[in-house]
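This report concerns only the one structure given below.
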Amino acid sequence: MTDIPGAVPPILAVDGELPTGAWAYEYKWDGYRCCLRAAPDGTTRLTSRNGNDLTATYPELAGVPPAAFGGLATVLDGEIVALDAAGRPDFGLLQRRHQRRPGTGRPAAPAVTYFAFDLLLRGPDTHLRAPYAERRAALSRFAAAAEPAAGGRLAVPPHYTGPGIGPRDLLGIAEQHGLEGLLAKRLDSPYQPGRRSRLWIKRPLVSTQEAVLGGWQPGGGRRSGTVGSLLLGAHDAKGHLRYIGHVGSGFTAATLADLLRLLTPLARATSPFDGPVPREHARTARWTEPRLVGEVAFRAWTRDLRLRQPSWRGLRPDRSPESVTLPGPPPGNDR
């Protein structure tokens with residue numbers, strides 16, 4: 001039996017202002033967080049943030065040549081990313097891997113790359129307690145041999161620690177090139193599996209929110225016969241699913257068709273939300289079991305924790321509905 005190492009739950013960053021000093025900086029890659037595990041014989045498994053097996057969805061990553069791992073058991077933390085023609089991460093392209101081609105029942109298949117940003121195990125050596133600086137050095141040594149053998153399926157993106165460039169400069173570069181934002185990681189920080197830690201701080205350039213799909217409204221006009229908007233929710237501190245708004249923009253025709261296919265079998269007679277939904281949205285709603293998770297970009301939160309000007313980004317099969325929560329205290333940014 002192939003001896004594949006166990007999956008490691010990912011450390012999670014907190015939102016905040018970017019610190020200076022003994023920190024490293026990495027760009028945020030707009031993809032799916034993933035733990036890549038390889039056995040000594042090169043057999044590979046991919047595990048999502050919420051523990052789902054993604055191996056069959058991304059066979060090109062599961063098929064990284066065994067030579068890339070050098071005969072040693074390996075566990076990596078990283079991101080599955082789809083790149084556009086300019087070499088920039090494109091979350092929309094990645095979404096196509098979970099949509100069906102009309103008439104074929106097969107997922108669309110833009111190419112993806114695994115961006116590894118942490119090395120957690122290599123052979124007999126676990127690196128979880130080692131400081132970030134040591135883990136990054138070990139990752140660089142691994143990458144020197146692995147990247148040429150991987151045929152473009154595996155890459156190690158750069159990190160920055162030198163005095164010549166600061167976090168504000170890097171954030172400006174990220175904005176200029178359409179990247180998601182920046183991550184700061186303390187140089188002396190160990191890896192903390194499954195924890196949200198202030199040892200990793202994220203500064204996104206776009207406000208996003210995960211949301212549970214609790215229903216939809218039928219479309220009109222050119223959207224007649226399909227989805228017009230989605231009704232969104234998130235869990236409060238007591239675990240109740242609260243309505244946070246609806247989204248009707250950001251969809252392609254293929255996305256709408258795929259959503260209708262997924263939502264139809266989840267139909268239910270009553271609202272899944274704990275608490276009221278505005279009458280104008282509830283009146284024509286088609287309620288669904290709250291099993292699907294999506295992501296929206298938005299401008300701000302209102303004082304009653306509703307999303308302002310949300311736009312659909314895509315489904316998040318790597319998230320569980322239970323993990324989708326409201327922000328902390330109302331941010332008071334409804335101007």
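Quick note: the coordinates plus some simple rules give every number you see, no bench work behind them. What you see is a predicted model, and the numbers here were worked out from it, not measured in a lab. FYI the Cβ positions are ideal-geometry reconstructions off the backbone, even for glycines, and counts take in every protein chain you see.
Kirkwood analysis of the Cα pair distances in the chain returns a hydrodynamic radius of 21.3 Å.
Relative to the longest principal axis of the Cα atoms of the chain, the long axis of helix 253-263 makes an angle of roughly 80 degrees. Each label point was placed 7 Å from the Cα along the Cα-to-Cβ direction; for ILE4 and ARG129 their separation is 2.8 nm.
What the Cβ-Cβ distance of LEU12 and ARG283 gives, at R0 = 30 Å and to the nearest 0.05, is a FRET efficiency of 0.20. Helical content of the chain, expressed as a calculated mean residue ellipticity at 222 nm, amounts to -4500 deg cm²/dmol (DSSP H runs of 4 or more residues, -39,500 (n - 2.57) each, divided by residue number, nearest 500). Between the residues GLN309, LEU83, SER323, the greatest Cα displacement towards the positive end of the dipole of the chain, with unit charges on the Cβ of Lys, Arg, Asp and Glu, is found for GLN309. Fewest-first ordering of ASP15, ASP274 by other beta carbons within 10 Å of each residue's beta carbon gives ASP15, ASP274.
Label 7 Å along Cα→Cβ of ARG268; the range 208-246 residues with amide nitrogen under 19 Å? Residues 211-218, 230-246 qualify, since their backbone N sits under 19 Å from the label point.
Find which of PRO158, ALA133, CYS35 sits farthest along the positive direction of the dipole of the chain, computed with +1 on the beta-carbon of Lys and Arg, -1 on that of Asp and Glu, about the Cα centre. Farthest towards the positive pole: CYS35. Each Lys and Arg adds +1 at its Cβ and each Asp and Glu adds -1 at its Cβ; summed about the Cα centre, the range 12-204 shows a dipole of about 460 debye. Placing R0 at 35 angstrom, the Cβ-Cβ distance between ARG222 and GLN309 gives a FRET efficiency of 0.95 after rounding to 0.05. Around the Cα centre of the chain, unit charges on the Cβ atoms of Lys, Arg, Asp and Glu (plus for the first two, minus for the last two) sum to a dipole of about 880 debye. For the range 12-204, the fraction of C-alpha pairs more than 20 angstrom apart is 56%.
Straight-line cross-link partners of LYS185 among the lysines, defined as a Cα under 25 Å from its Cα and at least 8 positions apart when in the same chain: LYS28, LYS202. The ellipsoid that matches the Cα gyration tensor of the range 208-323 has semi-axes, each √(5λ) in whole angstrom, of 20, 16, 15, with the longest given first.
Run the dipole for the range 233-292 about the Cα centre, Lys and Arg Cβ at +1, Asp and Glu Cβ at -1, nothing else charged, and hand back the magnitude in debye, nearest 20.
Computed about the Cα centre, the dipole is about 120 debye.
The distance linking the range 9-69 with the range 157-205 is 16 Å (Cα centroid to Cα centroid, whole angstrom). Straight-line cross-link reach from LYS238 at under 16 Å between alpha-carbon atoms covers these aspartates and glutamates, not counting any fewer than eight positions away in the same chain: ASP274, GLU322. On the basis of the beta-carbon distance and an R0 of 25 Å, ASP84 and ALA257 show a calculated FRET efficiency of 0.65.
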